[in-house]
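Asker: Below you will find the structure I want to go over with you.
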Amino acid sequence: MESSILAVENETDKLRLESFRIDSKRRYIRNWLIAVSATLILGVCIAVLLQKNTAKKRQLAEQEAILKQQRLDNLLKEQELISIDAMISGQEKERQKVANELHDDLGSLMATIKLHFDNVKVGTKDSALQNAQKLLEEAYQKIRGMAHSKNSGVMSDQGLLSAIKKMAQTISETNALEVTVEDFGLGERMENSLELSIFRMVQELVANAIKHAEASKVNIQLTQHEDNLNIIVEDNGKGFDLSNRDKKKPGMGLTNIEKRVEHLEGNFTVDSVLGKGTSILIDIPV
């Protein structure tokens, strides 16, 4: 009887020990799964953070590249505007130089020769002398006209409005193109270099109407509102397709004028319809 009881107790102890081992193994597996899961979760979090950090770095690099390109574009644009300024200044100096040489040197020489011819005491029937005097007079007048034309910009004693009106009158007298000028609210004289720049732009726009637009009428309007000058140059020419303007149609000259206006911190607008003419609007702070 006692041996049976001991056998049962031993079997019970074995079952308890096996149960304890099973529980320990379960706890070990559970802890191992928890550790693996935590490691995986941590790895995923680290991967997500690394991806976000890489994406942010890439975005910052792209933004930096865009900023560098913008700075480069601005620098190139500024250099281009400086080149245009230098070109315009050089052209104006060359015009002034040619005008002075025509007027002071060659003009004075021709006037002296003409004076000598006028004082020659010969018969009025000498056809050779009469022809020479006539040709000399024509040459003298042409030289004066060239000097006047080259020097017809915005002079210190003239001003923008007077220069534009004089240009319009000279062109209209050819009967090839009627140019009218309207002014509203123009006050005191502006800085001479600014007046000169505006005059050259208007001059180029009128030249475009003559050379490209095949216009018969051009109207120039100059309106000053306090510190802003509005310029409108309209023609009744053939117009052009604005969608093709970016193709840089040769000879139009609008690109340089637009850049010049931008350099003066102004606005440049083109309105053109095929067969109905062109309007150029320029707003410049003065």
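The values are calculated or read from the model by the stated rules, or taken from the named source; none is laboratory data. Values in this document were obtained by computation on a predicted structure and should not be read as measured data. Here the Cβ is made from the backbone with ideal geometry for all residues, glycine too, and neighbour counts use every protein chain on show.
Asker: Quick one: in segment 234-277, which of the residues that are among the small types (Gly, Ala, Ser), at pLDDT 85 or above and at negative phi is farthest from the chain's Cα centre (by Cα)?
Answerer: Only one residue fits best here, namely GLY237.
Asker: Given the criterion surrounded by 10 or more Cβ atoms within 10 Å (Cβ to Cβ) and modelled with pLDDT under 80, identify the matching residue among LEU72, LEU60, LEU42. Steps first, please.
Answerer: On the way: LEU60 fails: modelled with pLDDT under 80; LEU42 fails: modelled with pLDDT under 80.
LEU72 is the lone residue from the list that is surrounded by 10 or more Cβ atoms within 10 Å (Cβ to Cβ) and modelled with pLDDT under 80.
Asker: If you take the residues in segment 201-241 that are of a type in the set (S, T, N, Q) and assigned to a helix (DSSP H, G or I), which one is farthest from VAL270 (Cα to Cα)?
Answerer: In the first step, residues of segment 201-241 are kept if they are of a type in the set (S, T, N, Q); the result is 203, 208, 216, 219, 221, 223-224, 228, 230, 236.
Next cut, assigned to a helix (DSSP H, G or I) only: 203, 208.
On the way: GLN203: 16, ASN208: 13 Å.
Residue satisfying both the conditions and the ranking: GLN203.
Asker: Looking at ILE88 and the list (1) modelled with pLDDT under 80; (2) over 30 Å from the mean Cα position of the chain (by Cα), which single condition is not satisfied?
Answerer: All conditions pass for ILE88, except number (2).
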